[in-house]
Amino acid sequence: MEIPHTPCLAEAIAVTRSYEDGRIHALRGVDLRIEEGDFIAITGSSGSGKTSLLQMLGGLDTPDSGEICVRGQALSGMGDLSSFRAQKVGFVFQSFHLLPTLTASENVQVPMVESSISRKERAPRAAKLLSEVGLANRTHSRPPELSGGERQRVAIARSLANEPELLLADEPTGNLDRASATMVMELLSRIHRETGMTLVLVTHDPTTAAYASRQIHMSDGMVIRSTPDLPVSP
Amino acid sequence: MNLFPMVTRNFKVRRMRTALTLLGIAVGMMAIVSLMGLARGFERGWDQTMNARGTDAVINRVAAGSPIPAPFSEDISLNIRSLPGVESSGGVLSSLIPVDHLPVVLITSWEWESYIWKHLRIIEGRMHKHREEQAILLGKSASQMLGKGVGDSLLLYGLEFPVCGIYESTSMIESGAILVPLDVLQRHSDNTGKINFLNLRFNPGMEKAATRALCEEIEKKHPGLSASLASESAQSNSTTKAVRGMTLAVTLLAMIVGLTSVMNTMLMSVFERTVEIGVLRAIGWKASRIRRMILLEASLLGVAGGALGVLLAFAVRELLYLFPSIGSAIRIEIAPGAVIFTIVFATVVGTVSGLYPAIRASRMKPTVAFRHQ
């Protein structure tokens, strides 16, 4: 089978990570290549290492050994990864993690504080993003006033605030009912389709995983299967 | 969107804790402002007294431990009076005693026929007829405090003293005092031949340097006595020093209370917002911005606590003035400098208290923060 050559956006090379003084091995030499424009679902049971891998890719955690490279640049050589996270990555969490005291618009503006977006531009930009996720009329609502699905859509708008290259979603439908989960996944698929943004999500739900064009199955800290059957590393 | 609304809304969410923290800081700051005001009020009152009398210098014992210095022999005044440059002098013997229902009232006595008597304005009744007359003059405030007027009498040193007159003085201290001739108080307080202040009036037109030199000369000739210019004597007065000492002690105490309460509040706040801070770090906020956010929160608590403390000090002062026995005895003068000092001090205390919580928050790893959930 001929492998189409697309630019590599991110790569995990022999990544290992253990916790609690080495008693728990979350990742055992994981290799993974993520092409630009990919829509990948990392699946696996609880404790398989999928969230750990996602956190490594997003620069939230660092490997014990191995390397994470983004656009060919090793994250280990970047020092403080906050700029990398602010500019290159957008995060969507299972528990939404919105700031409860801020309005939807202000929540979307939070990542912009660390970008070059001027103060003047932030509010209109947040309004546009909220409109794109179907929440144009909820810009002044605070998270407690929103439904779970709406909160996750605000979180998605927030993840897009700085136009990241890589969107990482950790169980984005994990706290939602089926209807809201479908709406959120339709939204993520549309964003991927329309912007070509690279999207990696972690899920244990096959229905959610089915939205992805490629699925990586993990077990016991290792990638055991990739569907379609592509090599996980070049 | 900036840090300020994020911080202020956190206060709003945790209203009760914020209010209690503010109250803790405010009480400490109120005490500082009030004591500074008390010291200033006393200094001003003392200055008023000296100005009202036309006194240029005051002599009293060095290192007096009590508000009123220990007595010394009035014979010294004969020697001092003869010094070139000294126009006149007046011995003063004062004491703080319980009178009627009031725990402490200033009773003061002046050397008969000295210049000190001249500034008094009798508004009711009459002056003493002679140096030995066993009668009292009441200052206007003292008359109000004690509820006594001309024709009434007061029990002093176990003897009945009729009130012969009421006087008015621009000095608050004098206005709240009971006045008798020196000889009378000396006899009844077992201080015959003693005074505890000697007021001096210099020759008109004397240069300040010359008056200072004269004070130094007096101190040299009479070891154990302190001679200070009237304009400076309030600062060296033992009461002023005592209030200043108390102010310093309360300032230190307020600093400790402020530091611990703000630090406790901020640590609680950081602990409760572990996930929130983790999210901010995850979406790219730099550690320095997290530090700034926590420090801003802590310093705002300080500013608000300081401002509230100042307002409380004004309120407490007005409350105290509602009681005539307190209002006429003390004066709390809150200077703009004291207000600024207190607010700046509270802000610094707040900011310093926020340092450790801010550093702790900024070092939080997002993945560790998420596990806290």
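The values are calculated or read from the model by the stated rules, or taken from the named source; none is laboratory data. Not measured: the values here are computed from a predicted model. All Cβ positions, even for glycine, are placed from backbone atoms using ideal geometry, and neighbour counts span all protein chains on display.
Take B:V58 and decide whether it is assigned to a strand (DSSP E or B) and either on the phi < 0 side of the Ramachandran plot or out of contact with any Pro (no Cβ under 9 Å at 6 or more places or on another chain) (or both).
For B:V58, the condition - assigned to a strand (DSSP E or B) and either on the phi < 0 side of the Ramachandran plot or out of contact with any Pro (no Cβ under 9 Å at 6 or more places or on another chain) (or both) - is met.
Is it the case that B:V99 is farther than 18 Å from B:H188 by Cα, hydrophobic (A, V, I, L, M, F, W, C) and either assigned by TED's automatic domain parsing to the domain that holds B:E207 or touching a Ser or Thr at 6+ places or on another chain (Cβ under 6 Å) (or both)? Let's see the steps before the verdict.
Values: farther than 18 Å from B:H188 by Cα: no; hydrophobic (A, V, I, L, M, F, W, C): yes; either assigned by TED's automatic domain parsing to the domain that holds B:E207 or touching a Ser or Thr at 6+ places or on another chain (Cβ under 6 Å) (or both): yes.
For B:V99, the condition - farther than 18 Å from B:H188 by Cα, hydrophobic (A, V, I, L, M, F, W, C) and either assigned by TED's automatic domain parsing to the domain that holds B:E207 or touching a Ser or Thr at 6+ places or on another chain (Cβ under 6 Å) (or both) - is not met.
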Only one of these conditions is not met by A:L75: (1) within 12 Å of chain B (Cβ to nearest Cβ); (2) free of Cβ contacts under 8 Å to residues at least 40 places away in the same chain; (3) of a type outside the set (K, R). Which number is it? (1)
Does A:L135 qualify as being within 22 Å of B:R289 (Cα to Cα) and in contact with an Asp or Glu (Cβ under 9 Å, 6 or more places away or on another chain)? no
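Among the residues of region A:115-137, write down those that are exposed (fewer than 11 other Cβ atoms within 10 Å of the Cβ) and either closer than 30 Å to A:A181 by Cβ or over 23 Å from the mean Cα position of the chain (by Cα) (or both). Full working, then the answer.
Residues of region A:115-137 exposed (fewer than 11 other Cβ atoms within 10 Å of the Cβ): A:116, A:118, A:120, A:124, A:137.
Result: A:S118, A:K120, A:P124, A:N137.
Select from region A:78-109 the residues that are in a helix (DSSP H, G or I), touching a strand residue (DSSP E or B) at 6+ places or on another chain (Cβ under 9 Å) and within 7 Å of chain B (Cβ to nearest Cβ) and list them in ascending order. I'd like the intermediate steps shown before the answer.
Step one: list which residues in region A:78-109 are in a helix (DSSP H, G or I), which gives A:82-88, A:104-109.
Okay, now just the ones that are also touching a strand residue (DSSP E or B) at 6+ places or on another chain (Cβ under 9 Å), so A:84-85, A:88.
Passing the criteria: only A:R85.
Right, A:M112: within 9 Å of another protein chain (Cβ to nearest Cβ), out of contact with any Asp or Glu (no Cβ under 6 Å at 6 or more places or on another chain), buried (at least 22 other Cβ atoms within 10 Å of the Cβ) and in a helix (DSSP H, G or I) or not? Step through it out loud before you land on a result.
Numbers: within 9 Å of another protein chain (Cβ to nearest Cβ): yes; out of contact with any Asp or Glu (no Cβ under 6 Å at 6 or more places or on another chain): yes; buried (at least 22 other Cβ atoms within 10 Å of the Cβ): yes; in a helix (DSSP H, G or I): yes.
So A:M112 fits the description; yes.
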Which numbered condition A:E150 misses (of (1) over 30 Å from A:C69 (Cβ atoms); (2) part of a loop (DSSP other than H, G, I, E, B); (3) modelled with pLDDT of 90 or more): (2)
Could you tell me which residue of region A:167-215 is nearest to A:R85 (Cα to Cα), considering only residues that are acidic (D, E), more than 12 Å from the chain's Cα centre (by Cα) and assigned to a loop (DSSP other than H, G, I, E, B)? A:D205
List the helices (runs of 4 or more DSSP H) inside region B:219-337, counting only whole elements, that have at least 3 residues being crowded, with 20+ Cβ neighbours inside 10 Å and within 14 Å of chain A (Cβ to nearest Cβ). B:274-282, B:287-321
Report whether or not A:D61 is within 19 Å of A:R85 (Cβ to Cβ) and out of contact with any Leu (no Cβ under 9 Å at 6 or more places or on another chain). yes
Please work out if B:P84 is within 24 Å of the chain's Cα centre (by Cα) and exposed (fewer than 14 other Cβ atoms within 10 Å of the Cβ). no
For the structure I just gave you, tell me whether B:G54 is at pLDDT 85 or above, in contact with a helix residue (DSSP H, G or I) (Cβ under 9 Å, 6 or more places away or on another chain) and not assigned by TED's automatic domain parsing to the domain that holds B:G309. yes
Would region A:189-204 turn up any residue that is surrounded by fewer than 18 Cβ atoms within 10 Å (Cβ to Cβ) and farther than 30 Å from A:S116 by Cα? yes
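To keep it simple, each residue is scored yes or no on (1) surrounded by 24 or more Cβ atoms within 10 Å (Cβ to Cβ); (2) of a type in the set (D, E); (3) in contact with a Gly (Cβ under 8 Å, 6 or more places away or on another chain).
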site	(1), (2), (3)
A:S147	no, no, no
A:D170	no, yes, no
A:A179	no, no, yes
A:L187	no, no, yes
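Within region B:7-43, how many residues are farther than 30 Å from B:E174 by Cβ and either among the acidic types (D, E) or within 14 Å of chain A (Cβ to nearest Cβ) (or both)?
Taking region B:7-43 as the starting set, the residues that turn out to be farther than 30 Å from B:E174 by Cβ are B:7-29.
Add one more test, that the residue is either among the acidic types (D, E) or within 14 Å of chain A (Cβ to nearest Cβ) (or both), and what stays is B:7-15, B:18.
The number of residues fulfilling the criteria is 10.
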Taking region A:29-66 and keeping residues among the polar types (S, T, N, Q), more than 13 Å from chain B (Cβ to nearest Cβ) and outside any strand (DSSP E or B) leaves A:S45, A:S46, A:S48
Keeping to region A:112-139, report how many residues are touching a residue at least 24 places away in the same chain (Cβ under 8 Å) and closer than 23 Å to A:N175 by Cα. 8
